1. For the range 118-142, what are the residues that are out of contact with any Gly (no Cβ under 7 Å at 6 or more places or on another chain), surrounded by fewer than 17 Cβ atoms within 10 Å (Cβ to Cβ) and among the charged types (D, E, K, R)?
2. Could you please find all residues in the range 122-137 being over 16 Å from residue 30 (Cα atoms) and out of contact with any helix residue (DSSP H, G or I) (no Cβ under 8 Å at 6 or more places or on another chain)?
3. Could you check residue 141 against (1) over 16 Å from residue 4 (Cβ atoms); (2) modelled with pLDDT under 95 and say which number it fails?
4. Please list, ordered by residue number, the helices (runs of 4 or more DSSP H) wholly in the range 39-147 having 3 or more residues that are over 14 Å from the mean Cα position of the chain (by Cα).
5. Kindly indicate which of 75, 118, 81 is within 18 Å of residue 12 (Cα to Cα) and either touching a Ser or Thr at 6+ places or on another chain (Cβ under 8 Å) or modelled with pLDDT of 95 or more (or both).
6. With touching a strand residue (DSSP E or B) at 6+ places or on another chain (Cβ under 8 Å), surrounded by 13 or more Cβ atoms within 10 Å (Cβ to Cβ) and either of a type in the set (Lys, Arg) or more than 18 Å from residue 129 (Cβ to Cβ) (or both) as the only criterion, which of 108, 103, 9 stands out?
7. Please name all residue pairs, on different chains or six or more residues apart, with Cβ atoms under 7 Å, provided the first residue is in the range 1-14 and is in contact (Cβ under 8 Å) with a residue 40 or more places away in the chain and outside any strand (DSSP E or B) and the second residue is polar (S, T, N, Q) and surrounded by fewer than 14 Cβ atoms within 10 Å (Cβ to Cβ).
8. For the range 60-83, does any single residue satisfy the condition of being at negative phi, among the charged types (D, E, K, R) and free of Cβ contacts under 8 Å to residues at least 12 places away in the same chain?
Amino acid sequence: MISYNAENVCVPPLRRREVNKWIRRTAATYGMRVGDLAYVFVDDAKILETNRQYLGHDYYTDVITFDYTQGHLISGDIFISLDTVRSNSEEQHTAYGEELLRVIIHGVLHLCGLKDKSPDERAEMENAENLALSAFLGDPFTSRRRA
């Protein structure tokens, strides 16, 4: 089951059915199935608190993945700072939706066994992100009706 939660922010209006299918397809390319996966969207203050409390890191980040994977069944909690995602999209001159999808799948790729500590690992992760992003067709957001 894939769930979407928020603390101090609103859950982005994602096309959940399509995003969930994409997550499952991406995991399957690594021989994995999706178990319990919880996305927690937060602000910068919460991601910094989480990073300090659980990882001993004193800096902001866009995504933190807590891995509970067993065998070929990926499970975990993926914390995403929407503030940092927005900043990164502006810095990288990419669309916010694309950057959000990148961090959504980044956590899944970690659960599938990819790392990003060394330069070679980072290059492999970025390549995997790009491949996954190219497989997602369309806009990740639900349409919003104007009143």
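The values are calculated or read from the model by the stated rules, or taken from the named source; none is laboratory data. Note that the coordinates shown come from a computational prediction; the quantities given were computed from them, not determined experimentally. Note that each Cβ is placed from the backbone with ideal geometry, even for glycine, and that neighbours are counted across all protein chains shown.
1. Across the range 118-142, the qualifying residues are 120, 121, 122, 124, 126.
2. Our first condition is that a residue be over 16 Å from residue 30 (Cα atoms); within the range 122-137, this holds for 122-123, 134, 136-137.
Once the filter is applied, which keeps residues that are over 16 Å from residue 30 (Cα atoms) and out of contact with any helix residue (DSSP H, G or I) (no Cβ under 8 Å at 6 or more places or on another chain), the range 122-137 yields 122, 123, 134, 137.
3. Going through (1) over 16 Å from residue 4 (Cβ atoms); (2) modelled with pLDDT under 95 one by one, residue 141 breaks only (1).
4. Details: elements: 44-50, 82-92, 96-111, 119-135.
It comes to 44-50, 82-92, 119-135.
5. Numbers: 75 fails: within 18 Å of residue 12 (Cα to Cα); 118 fails: within 18 Å of residue 12 (Cα to Cα).
Criteria check complete, one pass: 81.
6. Working: 108 fails: either of a type in the set (Lys, Arg) or more than 18 Å from residue 129 (Cβ to Cβ) (or both); 103 fails: either of a type in the set (Lys, Arg) or more than 18 Å from residue 129 (Cβ to Cβ) (or both).
After ruling out the rest, the residue left standing is 9.
7. Listed pairs, sorted by first residue: 13/142.
8. no
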